Amino acid sequence: MKKLLLCCFLIFYFLTGATAMMQIIDLPELVHTSCVIAKGTVIKVKEYKTEKNIVLAENTVKIDEVIYGSSLKKGETAIITTAPYFEDNVSLKQGDTAIFFLSKKQDKYYINGGFQGCWYFDEIGFYGFAQLKSLDDIKKAINTPYKNKQ
């Protein structure tokens, strides 16, 4: 009986846990639903709790290059709000350099698509969707027609 209950619990756990995962979106959709795409370096991270006890982070990012959009300029800093301890969200640290796909709500920037909208990079290239990507991939997606699926 204990084994049956354990099996039922595990099945229930995995079925309900899977529904909380973020839906994978394709690159053209990520690009065309972002108000700005920029390469930047995190210069400061400040975590705080909301009145509902949710931990958020204000990430100060120096914009090194704007790839798409016009609301940010090279050399500016932007505050990007994340929920670092929430599933499918991004946890940034000082010194991280990434391509940020951003959305904007009420004068605040957020990473579009959760973890999918923050591509860390090194000397080889950018890592988006767990694959090596390049700026050419982003530029190709900018020029790919996108139909809103809503």
For this session: Output the residue which, of all residues in the stretch 118-144 that are in contact with a strand residue (DSSP E or B) (Cβ under 9 Å, 6 or more places away or on another chain) and assigned to a loop (DSSP other than H, G, I, E, B), is surrounded by the most Cβ atoms within 10 Å (Cβ to Cβ).
Result: Phe129
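Please specify each residue of the stretch 20-40 satisfying the condition of being surrounded by 15 or more Cβ atoms within 10 Å (Cβ to Cβ) and more than 21 Å from Lys105 (Cβ to Cβ).
First, pick out the residues of the stretch 20-40 that are surrounded by 15 or more Cβ atoms within 10 Å (Cβ to Cβ): 25, 27-40.
Those that are surrounded by 15 or more Cβ atoms within 10 Å (Cβ to Cβ) and more than 21 Å from Lys105 (Cβ to Cβ): Leu27, Pro28, Lys39.
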For this session: Output the residues belonging to the stretch 110-120 that are of a type outside the set (A, V, I, L, M) and free of Cβ contacts under 8 Å to residues at least 40 places away in the same chain.
Result: Tyr110, Cys118, Trp119, Tyr120
Seminar exercise, completed: Residue count, the stretch 39-58, condition among the polar types (S, T, N, Q) and within 25 Å of Lys139 (Cβ to Cβ), comes to 1
Seminar exercise, completed: Only one of (1) within 21 Å of Ile25 (Cβ to Cβ); (2) in a loop (DSSP other than H, G, I, E, B) does not apply to Ile37, and that is (2)
Problem set entry | Residue count, the stretch 105-137 (criterion: at pLDDT 90 or above and among the β-branched types (Val, Ile, Thr)) | 1
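Could you look through the stretch 71-117, keep only residues that are among the charged types (D, E, K, R) and over 17 Å from the mean Cα position of the chain (by Cα), and pick out the one that is surrounded by the fewest Cβ atoms within 10 Å (Cβ to Cβ)?
So the first thing to find is which residues in the stretch 71-117 are among the charged types (D, E, K, R), and the list is 73-74, 76, 87-88, 93, 96, 104-105, 107-108.
Then keep just the ones that are over 17 Å from the mean Cα position of the chain (by Cα); that gives 73-74, 76, 107.
Values: Lys73: 10, Lys74: 12, Glu76: 13, Asp107: 6.
Applying the filter and picking the extreme gives Asp107.
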Exercise. Given the conditions (1) of a type outside the set (Lys, Arg); (2) in a strand (DSSP E or B); (3) at positive phi, which single one is not true for Gly95?
Worked result: (2)
Seminar exercise, completed: When Phe126 is run through (1) in contact with a Lys or Arg (Cβ under 7 Å, 6 or more places away or on another chain); (2) closer than 22 Å to Lys46 by Cβ, the failure sits at (2)
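State all residues of the stretch 58-70 that are surrounded by 14 or more Cβ atoms within 10 Å (Cβ to Cβ) and either out of contact with any helix residue (DSSP H, G or I) (no Cβ under 7 Å at 6 or more places or on another chain) or outside any strand (DSSP E or B) (or both); if no residue qualifies, say none. Explain how you work it out, then say what you get.
The initial filter retains those residues of the stretch 58-70 that are surrounded by 14 or more Cβ atoms within 10 Å (Cβ to Cβ), namely 58-63, 66-69.
Of everything in the stretch 58-70, those that are surrounded by 14 or more Cβ atoms within 10 Å (Cβ to Cβ) and either out of contact with any helix residue (DSSP H, G or I) (no Cβ under 7 Å at 6 or more places or on another chain) or outside any strand (DSSP E or B) (or both) turn out to be Glu58, Asn59, Thr60, Val61, Lys62, Ile63, Val66, Gly69.
The values are calculated or read from the model by the stated rules, or taken from the named source; none is laboratory data. If you're wondering where the values come from, they're calculated on a predicted model, not measured in any experiment. Positions of Cβ are generated from backbone atoms using ideal geometry, with glycine treated the same way; all protein chains shown enter the neighbour counts.
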